[in-house]
Amino acid sequence: MPYDDNNIFAKILRGEIPAKKVHEDDHAVAFHDLYAKAPVHVLVIPKGKYVSIDDFGANASDAEIAGFYRAVAKVAKDLGLSDAGFRTIANTGLNGGQEVPHFHVHLLGGKKLGPMVSD
Ligand code: AMP
């Protein structure tokens with residue numbers, strides 16, 4: 001699937017729609033999910049145009065991949081999630097229920113979370 005420049009996260013990256021950002025660096029931006037499903041629900045996205053984790057893993061540079069995952073870990077720590085634990089999810093494609101076609105990792109925490117997968 002080609003990258004769609006009109007997806008919501010592309011618009012957030014361009015500053016065309018607002019987001020409650022918690023982190024930004026050369027490779028990643030993190031912001032609160034608009035429809036939080038846990039006391040803490042933050043999305044971390046790479047700045048590069050990658051549709052999914054497939055695309056990111058296959059086509060991003062080593063620096064982009066390292067920078068992105070370092071940002072995920074830093075955001076979890078900065079939000080106070082690391083000690084008690086948290087969950088990361090990267091929904092991918094149709095069966096994964098991915099709604100926004102710009103690769104993102106959900107960071108969920110702030111309470112003991114339920115089953116990893118239901119239904
Ligand atoms: P996914 O289903 O993995 O593609 O997740 C997309 C996520 O983006 C969902 O959890 C939505 O609640 C979230 N979302 C949609 N629009 C926005 C927005 N404008 N700002 C922040 N989060 C959003």
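Of everything in segment 3-14, what is open to solvent by 60 Å² or more (accessible area, probe 1.4 Å) and over 15 Å from GLN98 (Cβ atoms)? Give them in sequence order.
Scanning segment 3-14 gives ASP5, ASN6, LYS11, ARG14.
With respect to LYS21, determine if the residue is within 13 Å of the ligand (Cβ to nearest atom), surrounded by fewer than 17 Cβ atoms within 10 Å (Cβ to Cβ) and touching a residue at least 24 places away in the same chain (Cβ under 8 Å). Talk me through it step by step, then tell me what you get.
On the way: within 13 Å of the ligand (Cβ to nearest atom): yes; surrounded by fewer than 17 Cβ atoms within 10 Å (Cβ to Cβ): yes; touching a residue at least 24 places away in the same chain (Cβ under 8 Å): no.
Answer is no for this residue.
Go through segment 105-119 and give me each residue that's at pLDDT 95 or above and part of a loop (DSSP other than H, G, I, E, B). Quick ask: steps written out before the conclusion?
Our first condition is that a residue be at pLDDT 95 or above; within segment 105-119, this holds for 105-113.
Of everything in segment 105-119, those that are at pLDDT 95 or above and part of a loop (DSSP other than H, G, I, E, B) turn out to be GLY110, LYS111, LYS112, LEU113.
All but one of (1) crowded, with 19+ Cβ neighbours inside 10 Å; (2) free of Cβ contacts under 8 Å to residues at least 12 places away in the same chain; (3) among the aromatic types (Phe, Trp, Tyr) hold for TYR35; state the number of the condition that does not hold.
For TYR35, the failing item is (1).
Output the number of residues of segment 35-52 satisfying the condition of being within 21 Å of ARG14 (Cα to Cα) and among the hydrophobic types (A, V, I, L, M, F, W, C).
Residues that pass the stated criteria total 5.
Any idea which of (1) exposed (fewer than 15 other Cβ atoms within 10 Å of the Cβ); (2) free of Cβ contacts under 8 Å to residues at least 40 places away in the same chain; (3) under 16 Å from ASN7 (Cα atoms); (4) in contact with a helix residue (DSSP H, G or I) (Cβ under 9 Å, 6 or more places away or on another chain) is the one GLY57 doesn't satisfy?
(3)
Could you please find all residues in segment 78-100 being more than 16 Å from SER52 (Cβ to Cβ) and surrounded by 11 or more Cβ atoms within 10 Å (Cβ to Cβ)?
Residues of segment 78-100 more than 16 Å from SER52 (Cβ to Cβ): 78-87.
Once the filter is applied, which keeps residues that are more than 16 Å from SER52 (Cβ to Cβ) and surrounded by 11 or more Cβ atoms within 10 Å (Cβ to Cβ), segment 78-100 yields ASP78, LEU79, GLY80, LEU81, SER82, PHE86, ARG87.
Yes or no, residue by residue, for (1) of a type outside the set (A, V, I, L, M, F, W, C); (2) touching a residue at least 24 places away in the same chain (Cβ under 8 Å); (3) surrounded by 18 or more Cβ atoms within 10 Å (Cβ to Cβ); (4) away from the ligand (no atom under 16 Å from the Cβ):
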site: TYR50; (1), (2), (3), (4): yes, yes, yes, no
site: TYR69; (1), (2), (3), (4): yes, no, no, yes
site: ALA73; (1), (2), (3), (4): no, no, no, yes
site: HIS102; (1), (2), (3), (4): yes, yes, yes, no
site: LYS111; (1), (2), (3), (4): yes, yes, no, yes
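The values are calculated or read from the model by the stated rules, or taken from the named source; none is laboratory data. Remember, it's a predicted structure, so these values are computed and weren't measured experimentally. Glycine gets a Cβ as well: all are built from the backbone with ideal geometry, and neighbour counts include every protein chain shown. All accessible areas refer to the heavy atoms of the entire protein, side chains included, with ligands and DNA or RNA removed. Shrake-Rupley method; radii C 1.70, N 1.55, O 1.52, S 1.80 Å.
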